[in-house]
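Written out below as C-alpha cells is the structure these notes cover.
The values are calculated or read from the model by the stated rules, or taken from the named source; none is laboratory data. Since this is a predicted model, take the numbers as computed values, not measurements. Note: ideal-geometry Cβ built from the backbone for every residue, glycine included; neighbour counts use all protein chains shown. SASA here: full protein model, heavy atoms, side chains in, ligands and nucleic acids out. Shrake-Rupley method; radii C 1.70, N 1.55, O 1.52, S 1.80 Å.
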Amino acid sequence: MTLLEFVIRLVFAFIFGSAIGLERQWRQRMAGLRTNALVTTGSALFVMLSVMTTNESSPTRVAAQVVSGIGFLGAGVIMRDGLNIRGLNTAATLWCSAAIGTLTGAGFLVQSLAGVIVILAANILLRPIAHKIDRQPNSTIEEHFEYCIEAICRNENETHIRTLLLHMVSGENLTLFSLKSEDIDEQNKVLVEAHMMSTGRAETIVEKIVSRVSLEAGITSVSWKIVIENIS
C-alpha cells in the first residue's frame, strides 16, 4: 500500500465516521461527532496495519478483533433509566461505525459509502416510524379498575362486617388495599369502606360481595362504585 492510498483511505474513514456522528451529535446523543469519527478512523488504521504487514497478514482477522473490541465502547453508552434502557441505538451506531472503518481500511470505499447511507437512513428515516408505532395503543396492556364498597352498619356489627369483607375480597380475584371505618352520626352507625383493585372488569364479583354483605344483621345500607378505571 502506497502512502497516497493510506491517506485516501484514512481521510474517507474520517469523513464517513463524521457523517454518521453528525446525525448523532444533532440529536445530542452521548456518542456524537467525534466519537464516531474516531471509531471509524481507528478501525481503518487497524485494518490498514494488517494490510501493510507482509508476513501472515489477515485484514479479516484484525476486523474480527475490532468487532469484539467495539463492544466495550458500546457498553459505555448504554444506561439504565428506571425500567427503561437508554443508549442502545447509539451503541449499535458505534458498532456500525466500526464496520465502516474496517471496510474503508480494507479499501472498499464505495461499499463503505453505501454502508454510511444505510446507517443514516436507519437513524433518520426509521426514527419517526418507530415513534409513530410507540404512540399506538397497545391492546395487550392490562386494564386495572379500582372499586369501593361502602357499608353502613350498627356500631356493634362493625368488627363482623370488616372481617366478612376481608374474607370475601381475599377469596376473589381482587386486591384489597384499604379498609377503614368511620362514625357517621350519633345514632350508633359506622361507615365501613373497602377499596380494592382488579385486573380487568370485576363488577359481577363486587356485586356478589355487596349482595352477601347486605344480608348481614345490622346493615343499614351497602353500595359499590368504580373509583378509577383504565389505568395502564
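Can you give me the number of residues within region 151-179 that are of a type outside the set (S, T, N, Q), closer than 19 Å to Ser198 by Cβ and open to solvent by 40 Å² or more (accessible area, probe 1.4 Å)?
Total satisfying the criteria: 7.
Does Ser198 satisfy being open to solvent by less than 40 Å² (accessible area, probe 1.4 Å), under 15 Å from Cys148 (Cα atoms), in a strand (DSSP E or B) and of a type in the set (Ser, Thr, Tyr)?
Against the criterion (open to solvent by less than 40 Å² (accessible area, probe 1.4 Å), under 15 Å from Cys148 (Cα atoms), in a strand (DSSP E or B) and of a type in the set (Ser, Thr, Tyr)), Ser198 qualifies.
Which one of Lys180, Lys189, Lys208 is of a type outside the set (A, V, I, L, M, F, W, C) and over 43 Å from the mean Cα position of the chain (by Cα)?
Exactly one of Lys180, Lys189, Lys208 is of a type outside the set (A, V, I, L, M, F, W, C) and over 43 Å from the mean Cα position of the chain (by Cα), namely Lys189.
With modelled with pLDDT of 70 or more, open to solvent by 20 Å² or more (accessible area, probe 1.4 Å) and of a type outside the set (D, E, K, R) as the only criterion, which of Phe46, Phe16, Phe72 stands out?
Only one candidate qualifies: Phe46.
So which of Val213, Val222 ends up being in the same structural domain as His167 (by the TED database), part of a helix (DSSP H, G or I) and in contact (Cβ under 8 Å) with a residue 24 or more places away in the chain?
Among Val213, Val222, only Val213 is in the same structural domain as His167 (by the TED database), part of a helix (DSSP H, G or I) and in contact (Cβ under 8 Å) with a residue 24 or more places away in the chain.
For region 135-150: of the residues being within 20 Å of the chain's Cα centre (by Cα) and either modelled with pLDDT of 60 or more or closer than 13 Å to Val222 by Cα (or both), which is surrounded by the most Cβ atoms within 10 Å (Cβ to Cβ)?
Filtering region 135-150 for residues that are within 20 Å of the chain's Cα centre (by Cα) and either modelled with pLDDT of 60 or more or closer than 13 Å to Val222 by Cα (or both), the one surrounded by the most Cβ atoms within 10 Å (Cβ to Cβ) comes out as Glu143.
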